[in-house]
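S.K.: Here's a structure for you.
The values are calculated or read from the model by the stated rules, or taken from the named source; none is laboratory data. Small disclaimer: the values here were computed from a predicted structure and weren't measured. Virtual Cβ from ideal backbone geometry, glycine too; neighbours counted across all protein chains shown. Protein only, heavy atoms only, side chains kept; ligands, DNA and RNA dropped before computing areas. Shrake-Rupley method; radii C 1.70, N 1.55, O 1.52, S 1.80 Å.
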Amino acid sequence: MMETDFRNANIVVLTGAGISAASGLSTFRDQGGLWEKYPVEDIASPEGYQRDPELVESFYNARRAQLDASNVAPNAAHFALAKLEQEHQGRLLLVTQNVDDLHERAGSNQVLHMHGELRKACCPVTMQPFFMEQPFSAENVCQCCEKPQRLRPNIVWFGEMPIGMGEIEQALTECDLFISIGTSGTVYPAAGFIRLAKAFGAEAIDINLEPSYSSPFNIFMQGCATQQVPRMVESILSGEPIESTAEEALI
Ligand code: APR
């Protein structure tokens, strides 16, 4: 149990695909996840895109279309984090590895998408991102270059630099509480955020269906994010102790 009163704490939250699972969006590494169906190196790497841009475009066009499906909407975990942003007295940085827009649709205004965003495209030369409605295709070119370039998904692929790392690292060194929600803790640099936060004195909470990280969290709230995140947010806002919901608290 953590007795600390976090009502005025500086908090960094990291979310992963698990927070959107209950909204109907596939995770990557769970059974039936995206990386079981698509080879990562073909779909989520600059080399794969160079080899076969149409294959990559079809993958992201399908995921973009899925965001507009009537059965895909923010869930209670997204809404709870939006409530935390609105009511928390201390600083809050919400970092997501997710490229969906469910945090924003739940009402979160300050979201740092460190792996990019499905709804945006970017010019491969300037890397300038902008919202784009139409699907990716060879006809879809930039307007910023003398020789118009084929627009690419505004997604950070393996081997590329995640977005906002300076801001994230600064916030991790200054936070009192680091919260990881629905991520397997397998992809760096995100997987290393807990170590940096703890090295600077933060306490840490992991919310997941099962223990995933190898790093030491103070509290492990086992269960679906739609149940655990609202509980945790209420505890933070009321200054109540936060308890592990599993036999082993990972200290
Ligand atoms: N509630 C809480 N956690 C859940 C839920 C749920 N309903 N459903 C799944 N999870 C957990 C799984 O136990 C797993 O630990 O979410 C995690 C999903 O892990 P991954 O599929 O690896 O997704 P993520 O951690 O976001 O991947 C990180 O890898 O391929 C890259 O760019 C991609 O951003 C992604 C990054």
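S.K.: Only residues in the range 141-158 that are without any contact (Cβ under 8 Å) to a residue 24 or more places away in the chain count as the first member; pair them with residues that are within 16 Å of the ligand (Cβ to nearest atom), Cβ under 7 angstrom, at least 6 apart or cross-chain, and list the lot.
M.R.: Hits for this filter: zero, empty list.
S.K.: Further question on the same structure: Sort out for me the strands (runs of 3 or more DSSP E) sitting completely within the range 146-248 that have 2 or more residues that are closer than 21 Å to ASP5 by Cα.
M.R.: On the way: elements: 152-155, 177-181, 203-208, 219-222.
Because the criterion is at least 2 residues that are closer than 21 Å to ASP5 by Cα, the strands (runs of 3 or more DSSP E) in the range 146-248 that meet it are 177-181, 203-208, 219-222.
S.K.: Right, GLY24: at positive phi, open to solvent by 20 Å² or more (accessible area, probe 1.4 Å) and within 14 Å of the ligand (Cβ to nearest atom) or not?
M.R.: Details: at positive phi: yes; open to solvent by 20 Å² or more (accessible area, probe 1.4 Å): yes; within 14 Å of the ligand (Cβ to nearest atom): yes.
Taking the combined requirement at face value, the residue satisfies it.
S.K.: For residues that are more than 6 Å from the ligand (Cβ to nearest atom) and in contact with a Phe, Trp or Tyr (Cβ under 9 Å, 6 or more places away or on another chain), tally how many sit in the range 8-21.
M.R.: Residues of the range 8-21 that are more than 6 Å from the ligand (Cβ to nearest atom), as a first pass: 8-15, 19-20.
From the residues that got through so far, the ones that are in contact with a Phe, Trp or Tyr (Cβ under 9 Å, 6 or more places away or on another chain) too are 11-14.
Looking only at that region, the number is 4.
S.K.: To continue, here is another question. So which residues in the range 63-79 are more than 14 Å from the ligand (Cβ to nearest atom) and open to solvent by 40 Å² or more (accessible area, probe 1.4 Å), if there are any at all? First the steps, then the outcome.
M.R.: From the range 63-79, those more than 14 Å from the ligand (Cβ to nearest atom) are 64-73, 79; that's our starting set.
ALA65, GLN66, ASP68, SER70, ASN71, ALA73, PHE79 - these are the residues of the range 63-79 that are more than 14 Å from the ligand (Cβ to nearest atom) and open to solvent by 40 Å² or more (accessible area, probe 1.4 Å).
Each row is one residue, and each column tells you yes or no for (1) open to solvent by 40 Å² or more (accessible area, probe 1.4 Å); (2) of a type in the set (A, V, I, L, M, F, W, C); (3) over 21 Å from GLY16 (Cα atoms).
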position: CYS122; (1), (2), (3): no, yes, yes
position: GLN143; (1), (2), (3): yes, no, yes
position: LEU151; (1), (2), (3): no, yes, yes
position: GLY159; (1), (2), (3): yes, no, no
position: GLY166; (1), (2), (3): yes, no, no
position: ILE181; (1), (2), (3): no, yes, no
position: ALA199; (1), (2), (3): yes, yes, yes
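S.K.: Answer yes or no: is there a residue in the range 49-62 that is under 23 Å from GLU234 (Cβ atoms) and open to solvent by 10 Å² or more (accessible area, probe 1.4 Å).
M.R.: Step one: list which residues in the range 49-62 are under 23 Å from GLU234 (Cβ atoms), which gives none.
No, the range 49-62 contains no residue that is under 23 Å from GLU234 (Cβ atoms) and open to solvent by 10 Å² or more (accessible area, probe 1.4 Å).
S.K.: Could you check the range 89-120 and list, in sequence order, the residues that are in a helix (DSSP H, G or I) and in contact with a helix residue (DSSP H, G or I) (Cβ under 7 Å, 6 or more places away or on another chain)?
M.R.: Pass one, the range 89-120, residues in a helix (DSSP H, G or I): 102-106.
Within the range 89-120, LEU102, HIS103, ALA106 qualify.
S.K.: Okay, next question. Just the residues that are in contact with a Cys (Cβ under 7 Å, 6 or more places away or on another chain) and closer than 18 Å to ALA44 by Cβ, please, taken from the range 116-165.
M.R.: Answer for the range 116-165, where residues must be in contact with a Cys (Cβ under 7 Å, 6 or more places away or on another chain) and closer than 18 Å to ALA44 by Cβ: PRO129, LEU151, ARG152, ASN154.
S.K.: Another question, then. Does GLU240 qualify as being out of contact with any helix residue (DSSP H, G or I) (no Cβ under 8 Å at 6 or more places or on another chain), on the phi < 0 side of the Ramachandran plot and more than 13 Å from the ligand (Cβ to nearest atom)?
M.R.: Values: out of contact with any helix residue (DSSP H, G or I) (no Cβ under 8 Å at 6 or more places or on another chain): no; on the phi < 0 side of the Ramachandran plot: yes; more than 13 Å from the ligand (Cβ to nearest atom): yes.
Against the criterion (out of contact with any helix residue (DSSP H, G or I) (no Cβ under 8 Å at 6 or more places or on another chain), on the phi < 0 side of the Ramachandran plot and more than 13 Å from the ligand (Cβ to nearest atom)), GLU240 does not qualify.
S.K.: Which condition from (1) open to solvent by 60 Å² or more (accessible area, probe 1.4 Å); (2) assigned to a loop (DSSP other than H, G, I, E, B); (3) out of contact with any helix residue (DSSP H, G or I) (no Cβ under 9 Å at 6 or more places or on another chain) is the one that GLN86 breaks?
M.R.: (2)
S.K.: On the given criteria, is SER215 farther than 28 Å from VAL99 by Cβ and of a type outside the set (A, V, I, L, M)?
M.R.: no
S.K.: In contact with a strand residue (DSSP E or B) (Cβ under 9 Å, 6 or more places away or on another chain) and closer than 26 Å to ALA106 by Cα, is that true of MET165? Steps first, please.
M.R.: Numbers: in contact with a strand residue (DSSP E or B) (Cβ under 9 Å, 6 or more places away or on another chain): no; closer than 26 Å to ALA106 by Cα: yes.
Taking the combined requirement at face value, the residue does not satisfy it.
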